[in-house]
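K.L.:
Pasting in a structure now, in structure tokens, and then I'll have a few things to ask.
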Amino acid sequence: MSPEPKRRVLIVDDSALVRQVLTNILSRHPMLEVVGTAKDPYDARERIKELNPDVLTLDVEMPRMDGLTFLGKLMKAHPMPAVMLSSLTAKGTDTALDALDLGAVDVIGKPVADQAAGLEAMGLEIAQTVYAASLARVGGHRPPVPAAPVTLASLAVRAKAGRALIAVGSSTGGTEALRQIFDAIPENLPPIAVVQHMLPGFTAAFAERLNRSCRARVKVAEDGESLKAGTVYLAPNEAHLTIGRHSVGLVALLQAGDRVSHHLPSADVLFDSTADACGAHAMGVILTGMGDDGARGLLKMRQKGARTLGQDEASCVVYGMPRAAWMRGGVEEQAPLGAIAGHLVAWCERDT
């Protein structure tokens, strides 16, 4: 069997220093090969034709044409995996989320000061992000997720019971998957706890954007807060989100610590604590993403009587996490992205 070929990367950035630092970082990854660089989108257009890369990194702020404009044109004319570099500022994070809406696979937060040292410090995460993106499926028409059917009375009873929880884990491609699911669900489901792998600096802005478009409330989880129906809780950066049970019902508990399954926060940690706190009164969902985070914890949820659901391969940007969970036995059923909201409502309508 021949070895897997390295994934070919094109770096697009107007800063020669950043191009050099990213070249050094990505070249250290055993499965990445930097085949070229470009100083602006016009240069990048020619280099893409010449080099046929598997993935490109794309800066937001560049002369002659900004990165967002180029990304929009690229996704229409020649869809390919792209990772956006955006400054870690309020404006920068919002712009990065715009890039995800346009079709970027992921975003990297570029430090404002001392960029070379800051990027080097994030080197491993950057390389892993670019490699995961290189495996993504992009392009093609994705039909919108239909609104889930709602039986308000039964949902309200379940939501007020204070015992049910939906736990979700996702990574590469997950921001768009979560947006589509949450846009489709009603506002009175039981609480939903989410681990979405994101580089530091973007979770709060992502939560705010979801909150503006969804019927449910979306926020970043806070330590010790009671989990309420009709609310989606995103795990913050650099802390594990766990679920506890107090006299008042379910609560969010944040834990500092080491990475689990290579991630902080980790879907395995969320699923594991949900299994202990909720048992059969929970549903676990694992969405698109690279790696195997969540596979072990989802199996524990299923063993404790929870229903479990995995996004199917055809609708995943990267069929890594759902595949690992399926192969391990943690996934009871697989479903396309467009059907997941309906599955959540159907589960909430059942007696447990």
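The values are calculated or read from the model by the stated rules, or taken from the named source; none is laboratory data. Everything numeric here is computed off the predicted structure, so don't read it as measured data. Glycine gets a Cβ as well: all are built from the backbone with ideal geometry, and neighbour counts include every protein chain shown.
K.L.:
Go through the residues of the range 59-78 one by one and say whether even a single one is small (G, A, S) and within 24 Å of L124 (Cα to Cα).
P.N.:
Looking through the range 59-78, at least one residue is small (G, A, S) and within 24 Å of L124 (Cα to Cα).
K.L.:
Limited to the range 280-309, what total is found for residues that are modelled with pLDDT under 95, more than 22 Å from G342 (Cα to Cα) and either surrounded by fewer than 21 Cβ atoms within 10 Å (Cβ to Cβ) or more than 14 Å from the chain's Cα centre (by Cα) (or both)?
P.N.:
Residues that pass the stated criteria total 1.
K.L.:
Would you mention how many residues in the range 25-66 are among the charged types (D, E, K, R) and touching a strand residue (DSSP E or B) at 6+ places or on another chain (Cβ under 6 Å)?
P.N.:
So the answer is 4.
K.L.:
So which residues in the range 165-196 are assigned to a loop (DSSP other than H, G, I, E, B) and either closer than 21 Å to L254 by Cβ or not assigned by TED's automatic domain parsing to the domain that holds L241 (or both)?
P.N.:
Answer for the range 165-196, where residues must be assigned to a loop (DSSP other than H, G, I, E, B) and either closer than 21 Å to L254 by Cβ or not assigned by TED's automatic domain parsing to the domain that holds L241 (or both): S171, P190, P191.
K.L.:
Just checking, which of A216, A221, A205 is at pLDDT 95 or above and either in the same structural domain as M321 (by TED's automatic domain parsing) or within 16 Å of the chain's Cα centre (by Cα) (or both)?
P.N.:
Values: A216 fails: at pLDDT 95 or above; A205 fails: at pLDDT 95 or above.
Just one listed residue meets the conditions, A221.
K.L.:
Continuing with this model, one more query. For A229, which of the numbered conditions (1) modelled with pLDDT of 95 or more; (2) part of a loop (DSSP other than H, G, I, E, B); (3) within 21 Å of V345 (Cα to Cα) fails to hold?
P.N.:
For A229, the failing item is (1).
K.L.:
Within the range 324-347, take every residue that is part of a helix (DSSP H, G or I) and in contact with a strand residue (DSSP E or B) (Cβ under 8 Å, 6 or more places away or on another chain) and give me the one that is surrounded by the most Cβ atoms within 10 Å (Cβ to Cβ).
P.N.:
My answer is A325.
K.L.:
Separate question: Suppose we keep only residues that are part of a loop (DSSP other than H, G, I, E, B) and among the small types (G, A, S) within the range 1-17. Which one would you say is surrounded by the most Cβ atoms within 10 Å (Cβ to Cβ)?
P.N.:
Applying the filter and picking the extreme gives S15.
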